[in-house]
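**Student:** Before anything else, here's the structure in question.
Derivation of every value follows stated rules applied to the coordinates shown; laboratory data play no part. This structure is a prediction, so every number in the text was calculated from the model and none was measured. No Cβ is skipped: glycine too gets one built from the backbone with ideal geometry, and neighbour counts run over all protein chains shown.
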Amino acid sequence: MLSVSIRLDYSLDASGFFTTHPEARTVLQSAADTLTQRLADTLAAIQPSGSNTWTLTVTGKPAHSSQIFRPDIGYGAIFEAARILEAFRVALAGEPHLTLNPALMVGGTKVDLDVTQARGSAFGKDNVIPERAIVSGDLRALSKEQFALARKRMEEIVAASLLA
């Protein structure tokens, strides 16, 4: 866990200003406390850890490819994952200091993604609508609030599924 601490050293105050003006010392300490909290929030939001990673798993209905786009079958997992990723990009790309990176994607009839090893495998046939798609990525923001709002927006996009 990251930690921020601001320690004020008055030993170089040769004029004695902070000794004779304790209210100034109080104001300076308050500013240091506020800065400490904001730095801690920022570091917590952007620290390189598992808390910044995300995984999207989409499950569709497998069927013969001649059935794709039917209302009862849907678009398949890969098209839905692509729709979600594009919606993430549209919704979040203009947000200052926010980064969203879908780094790895696998899709097909059978898929496996090992995010710790950053590798995956997929099996599928050209004439079968893919049942699964998995995408992993990273999300970074400058504050906890920005991070939470981005996650909330991502969850809303996922909830608006086009799958049958």
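**Student:** Mean shadow of the chain, computed from the convex hull of its alpha carbons, in nm²? If you can, show how the numbers build up before the last one.
**Tutor:** Details: hull surface 51.5 nm².
Result: a mean projected hull area of 12.9 nm².
**Student:** Between segment 119-135 and segment 48-117, how many Å separate their Cα centres?
**Tutor:** About 12 Å separates the Cα centre of segment 119-135 from the one of segment 48-117.
**Student:** Enumerate lysine pairs in the chain that are 8 or more residues apart or on different chains, then count those whose Cα atoms are under 21 Å apart. Display every interim value, and only then the final one.
**Tutor:** Details: K61/K110; K61/K125; K110/K125; K144/K152.
Lysine pair count for the chain: 4.
**Student:** A further question on this structure: Provide the packing ranking of 104-114, 57-67, 128-138, i.e. peptides ordered by the mean count of other C-beta atoms within 10 Å per residue, highest first.
**Tutor:** Numbers: 104-114: 17.6, 57-67: 16.0, 128-138: 21.2.
Answer by packing, highest mean first, reads 128-138, 104-114, 57-67.
**Student:** Add +1 for every Lys or Arg and -1 for every Asp or Glu among the other residues with Cβ under 13 Å from the Cβ of I134, and state the total.
**Tutor:** Working: positive: K110, R119, R132; negative: E80, D112, D114, E131.
In short, -1.
**Student:** Also: Taking +1 at the Cβ of each Lys and Arg and -1 at the Cβ of each Asp and Glu, which of P96, G60, M154 sits farthest along the dipole of the chain towards its positive end, judged by Cα position relative to the Cα centre?
**Tutor:** G60
**Student:** In addition: Nearest 500 deg cm²/dmol is fine: what mean residue ellipticity at 222 nm does the chain get from its DSSP H runs of n ≥ 4 alone, each adding -39,500 (n - 2.57), divided by its residue count? All intermediate terms of the calculation are to be shown ahead of the outcome.
**Tutor:** Numbers: 4 runs with 61 residues, N = 164.
Per the formula, -12000 deg cm²/dmol.
**Student:** Follow-up question, since we're still on this one. Using +1 on the beta carbon of Lys and Arg, -1 on that of Asp and Glu, and nothing else charged, what's the dipole of the chain about the Cα centre, debye to 20? Walk me through the numbers on the way to the answer.
**Tutor:** Values: 16 positive and 17 negative charges, 87 e Å.
Around 420 debye, computed over the chain.
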